[in-house]
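Read the structure below first, then the notes.
Values in this text are rule-based calculations from the coordinates and carry no lab data. Here the structure is a predicted model, which is why all the values come from computation and not from measurement. Cβ atoms come from the backbone with ideal geometry, glycine included; neighbour counts cover every protein chain shown.
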Amino acid sequence: MKILLYGINYTPELTGIGKYSGEMSVSLASQGHDVRVITAPPYYPEWQVGEGYKAWQYKTEMREQVKVIRCPLYVPAKVSTIKRIIHLASFAASSFFQILAQWRWKPNVIITIEPTMFCTPAALLLGKLCGAKTLLHVQDFEIDAMFGLFVSSESSQESGSFFKKLVFGIEKWITNSFDRVSSISFSMLENAARKGVSENKRLFFPNWVDTAFVTPDVDGSTIRERFGYATDDLVILYSGNLGEKQGLEIVLEAANHFQQESLPRRHGDTEEKIKDSVSPCLRGEKNIQFCIVGNGASKARLEQQAKEQNLTNLKFLPLQPYEDLPALLAMADIHLVVQKKGAADIVLPSKLTGILSAGGYSLITAEKETELGRLCNNFPGIAERVEPEDLNAFIAGLSTLLENVINADGYNKTARQYALDYLNKDAVLNRFEQDLVQLVAGN
């Protein structure tokens, strides 16, 4: 088959959509398919164009048997709602004629990655011109995210009601124009159904993990030492995008709480009184450290807030090389998967796949009815779940996990087994390749 992948993010981006799009394309090419990609220069999660690329330049390259065409885009230094919309629209505009030029190549199937919805009209038009099948793969319902996270006041929602109806109407029409719609979680597929996508069009295509690469057997002591942690420290790790929808302020507040708990005296209390009032894991027996690894639009603001609070038990570190991922995950005693209210049904965090494969103990913020909530309910012990944006619950959940980790016998076996059963990279990608074969065959 001739397969065209169209999306704004692609390898060598190390996290998020770009990583998965890159691995998908290479897997399809390795199975004998002719794969082309139309994408942007790498910029995520740093929001800075990568070395060797230019924001306003077209570039064609071969990467692991895949022809990759890079199209210009605007990358804002500081991300805001308006600037993000311009950013997405700039790529859709610069790639429009590159997409239409592919009619000479005549792909059999066109895979469009959302975000960005701005790219979908060109993909559908090319499908009509060359008779290709079209598939929309939803990594993020960006329209839902935009209204759910950025339109907060009642007055703004009321004044924008007609606009919202118009935008959602256009989204519904475009989404249903594709031959297939796939997504990364069952909750997101249910959302697609609410947008009118029929059952015979919906495909489950979850994000995956290389369970042979990320394992519980990896030694994280070297990277722990490199970051300055002692062997008996309890390290609480957040690794991933530092964006607005994560709501990472709660991590800073938790770090401040545990830092205050570890102080020998508070408000004239004796040391003995403090020891009696806190959990055994906080009585000076263990040093609790927080670590935030990654980049994103909120990083500078979070670093400034941590400085103002004088958080000596919190470190910010840059995104680490992919080959260090297993050791990075092994370094941590507890992993954080943090999101604001309303975000968990829209996005299933890709970072969770690695945590599960490593057999990590994790604290997840998610409502009970979301995909993450169902995961925790259906697989008891896979993670500790608390309601989003609830600091007291967050601290209580961390305290419970800290006690569990101290008394644990090895890694989280429930998490590891789930990764082996449901997230194995080869199984997921082979199944998707068969879905494409059936789509092109008309089945």
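Quick one: which of Lys172/Lys351; Lys106/Lys133; Lys133/Lys164; Lys133/Lys201 span more than 18 angstrom between C-alpha atoms?
Lys172/Lys351; Lys133/Lys164
Direction-averaged shadow area of the convex hull around the Cα atoms of segment 306-399, nm²?
Average projection, Cα convex hull of segment 306-399: 7.0 nm².
May I have the convex hull volume per residue, in Å³, for the Cα set of the chain? Kindly include the intermediate steps, with their values, before the conclusion.
Numbers: hull volume 65.7 nm³, N = 443.
Spelled out: Cα convex hull of the chain, divided by residues, is 148 Å³.
Run the simple label-point estimate for Ala300 and Thr231 please: 7 Å along Cα→C-beta, distance reported in nm.
4.2
About the Cα centre, and with charges only on the beta carbon of Lys, Arg (+1) and Asp, Glu (-1), how big is the dipole of the chain? Nearest 20 debye, please.
Working: 46 positive and 51 negative charges, 386 e Å.
Dipole size: approximately 1860 debye.
Would you calculate a helix-derived [θ] at 222 nm for the chain, using -39,500 (n - 2.57) for each DSSP H run of n ≥ 4 and dividing by the full residue count, to the nearest 500?
Values: 17 runs with 188 residues, N = 443.
My calculation for the chain gives -13000 deg cm²/dmol from helical runs alone.
Please report, in Å, the Rg and the Dmax of segment 189-263, where both are computed over Cα atoms only.
Gyration radius and largest Cα-Cα distance of segment 189-263: 20.1, 59 Å.
For segment 355-441, I need the span (max minus min coordinate) of the C-alpha atoms along each principal axis, in Å, sorted largest to smallest.
Cα spread of segment 355-441 along its principal axes, largest to smallest: 54, 30, 16 Å.
Between Glu249, Glu61, Glu384, find the one with the highest GNM mean-square fluctuation for the chain; connect C-alpha pairs within less than 10 Å.
Of the options given, Glu61 has the highest mean-square fluctuation.
Say the dipole of segment 1-121 comes from +1 at the beta carbon of Lys and Arg and -1 at that of Asp and Glu; which of Ala29, Val79, Thr60 then lies farthest toward its positive end?
Highest projection toward the positive end goes to Thr60.
Could you check the spin-label model distance between Ser80 and Tyr422? Points 7 Å from the Cα along Cα→Cβ, value in nm.
Modelled inter-label distance: 4.1 nm.
Rounded to whole Å and sorted largest first, list the principal axis extents of the Cα atoms in segment 155-223.
56, 37, 15
Any idea how far apart Gln98 and Phe204 come out in nm if each label point goes 7 Å out from Cα toward Cβ?
Going from the Gln98 label point to the Phe204 one covers 3.5 nm.
Have a look at Phe118, Phe432, Phe379 and tell me which one the Gaussian network model of the chain (Cα, springs below 10 Å) gives the largest fluctuation.
For the chain, modelled as a Gaussian network with Cα springs under 10 Å, the answer is Phe379.
Go ahead and run the numbers for FRET between Ser177 and Thr414, Cβ-Cβ distance against an R0 of 56 Å, rounding to 0.05.
Efficiency at R0 = 56 Å is approximately 0.85.
So for segment 1-131, what percent of the C-alpha to C-alpha distances run longer than 21 Å?
35
By how many nm would the segment from Asn443 to Lys341 lengthen if fully extended, with 0.36 nm per residue of separation less the alpha-carbon distance? Before the final figure, lay out the partial values.
Values: separation 102, 0.36 × 102 = 36.72 nm, distance 3.92 nm.
Here the answer is 32.8 nm.
Run through every distinct alpha carbon pair of segment 79-215 and return the Kirkwood hydrodynamic radius in angstroms, one decimal place.
16.5
Once you have the Cα-Cα distance between Ala393 and Thr222, take 0.36 nm times their residue separation minus that, and quote the gain in nm to one decimal.
Working it through step by step, the gained length comes to 58.3 nm.
Work out how much length Asn404 to Tyr53 would gain on full extension: take 0.36 nm times their residue separation and subtract the Cα-Cα distance, in nm to one decimal.
Result for the pair: 121.7 nm of gain on full extension.
With springs only between Cα atoms under 10 Å, which of Asn295, Asn430, Asn207 fluctuates most in a Gaussian network model of the chain?
So, out of Asn295, Asn430, Asn207, the one fluctuating most is Asn430.
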